[in-house]
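Notes follow once the structure below has been shown.
Where a number appears in this text, it was derived from the coordinates with a stated rule and is not lab data. Quick caveat: nothing in here was measured; it's all calculated off a predicted structure. Heads up, the Cβs are rebuilt from the backbone with ideal geometry, glycines too, and the neighbour counts pull from every protein chain shown.
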Amino acid sequence: MTVAENQFENLRLELRRGCLTLAVLGQLKQEHYGYTLRKALASRGLEIDESTLYPLLRRLETQGLLTSEWREEEKRNKRFYRLSADGEAIFARLLDEWNAINAAIGNIL
Amino acid sequence: MELLDRYLEAVRKQLPWERQDDIIAELRANLESQLEDRQEEVGHPLTPDEAKAWVGQLPAPRMMAARYRPQQALIGPALFPTYWFIVRMVAMWVFVLAVIENAVRLGTHAWSAAAIPVAIISVIGIVLANVAAVTLVFAVIEYAGVHYPGRFPQIAKITGNWDLNDLPRIEPVKGEHKRTFGLAVTDAIIHALLLVWILLLPRYPVLILGPGLFAIDALPYTYAPILADFYWAVVIFSVVHLVWKLVDLYTGAWMGERRLQHFTVKLLGMIPLAIALRAPGHLWIVLKDPAAEFAKYGTQLAQINEAIYLGLRMVLAIVVITFVLELGKLWLVSFRRRVVRAH
């Protein structure tokens, strides 16, 4: 990887980091377990690496933005996540912020 | 699938022990679902080669496990600027003090070439130990702030507080250095008066000793001849310094940075000290009548000369060290300017 590519990759990851949290919170208005959430996000054009998504779910749950429960589905125990009440409030504020940034970037460009 | 079990085991080994089972159970459910989808895509259970390819595209176990850990940095980005500032201050001052302490020790004990590497290692060890101590303190603060934010709210404020009075002064850049002619003339006059005072000292020692002169006259001691050499070295040094200032005034060089003059004067200033240190037998004070008074005052005289010897070496050590540090600082500034220009 050249220096320029490495630089681009670092900036890309930095740019994606906050967006991923917003996307995950938005997608978890509906209940999902890890893999179906990953598929749902990918089907909407947002590919997320396993090592990014699954730990992120744990962190968001620790912060109180998600709730989770273990449940059996198709003969396999899975951990299902959903947006919590606090998560909904934070998500609404983050969405406003996202829209403001989006509009500002649109104006700049 | 055995390969998936081995992958999960590799992840497990690097997870916090209290969360291993829970995380691995969730990860297994997710990856097994992913594997089922893959098998549906290819239309059969994965062959050993396909299984290798599928597991091989998963993130490295170490990276997967690392992302589950809450704290990645010993000192996080919020605390790091404060830590970096303090650790640099501590390292710099500890280095300066350790160098002075070792230089004085080298100067006051029997000198040997082997003592220099020992002194260097000692200075490095002292600096590293202090840096490690500061790092440890900040790591504890970081840990407390991350794990118990409610219990230590004041830690969160550490990086946010600042004082207007702490802002650095703006140093005048080259070409903007303001030095008035009046200040340059006053400086030369003060040096001239200082030279006159030095020249009057042999005839009027009261100018340096004050009323203490009468008490000293009553003592059985007098100055050794080396102090005359020291005196004339100081006189020559003062004359050179004054002439240089007058030439600067005449040629207009007083407006410049006078860096060469600054360092030359510092270097010349060491000569009188070096001359004084060459006193035969390390005697700066002697008895007026050695034959009659040595038995009574000999021990006291040795103690006085020993104290003068120690004092002179300490002063010379400090002067040399500050000179070297100033030269180093000048080199650093010049190096930084060159790097900036190159960019």
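The residues packed around B:Trp331, meaning those with a beta-carbon under 13 Å from its beta-carbon, carry a net charge of +4 if Lys and Arg are +1 and Asp and Glu are -1. Overall, the anisotropy analysis places chain A in the oblate class: the square-rooted eigenvalues a ≥ b ≥ c of its C-alpha gyration tensor yield a/c not less than 1.5, with a/b not exceeding b/c. The separation of the range A:79-101 from the range B:311-335, counted between C-alpha centres, amounts to 60 Å.
Residue order for B:Tyr250, A:Tyr81, fewest other beta carbons within 10 angstrom first, comes to B:Tyr250, A:Tyr81. Size check on the range B:2-66: the Cα extents along the three principal axes, sorted descending, read 39, 18, 16 Å.
Entry note, the protein assembly as shown: the mean residue ellipticity at 222 nm calculated from DSSP H runs of n ≥ 4, each adding -39500 (n - 2.57), is -24000 deg cm²/dmol after division by the residues and rounding to the nearest 500. For A:Arg79, the shell of other residues with beta-carbons less than 15 Å away shows a net charge of -2, using +1 for Lys and Arg and -1 for Asp and Glu. Shielding of peptide B:21-31 by partners, expressed as the average count of other chain Cβ atoms within 10 Å per residue Cβ, is 5. In percent, rounded to a whole number, the relative contact order of chain B is 16, using alpha-carbon pairs under 8 Å and six or more apart.
Longest segment of chain B with no trypsin sites (Lys or Arg not before Pro) in a DSSP loop having at most 12 other Cβ atoms within 10 Å? Longest gap between qualifying sites, sites excluded: B:14-150. Taking a span of 27 Å or more along the helix axis (Cα atoms) and a mean Kyte-Doolittle hydropathy of at least 1.6 as the rule, the DSSP H helices of chain B that qualify are B:115-147, B:181-200.
The local environment of A:Asn10, defined by Cβ-Cβ distances under 15 Å, has a net charge of 0 under the rule Lys, Arg +1 and Asp, Glu -1. May I ask you to give the average projected area over all directions of the convex hull of the Cα atoms of the range B:289-342, in nm² rounded to one decimal? Over all viewing directions, the range B:289-342 projects a mean Cα-hull area of 4.4 nm². Using only the alpha carbon atoms of the protein assembly as shown, find the Kirkwood hydrodynamic radius as the inverse mean reciprocal pair distance, in angstroms to one decimal. Averaging 1/r across every pair of different Cα atoms and inverting gives 30.9 Å.
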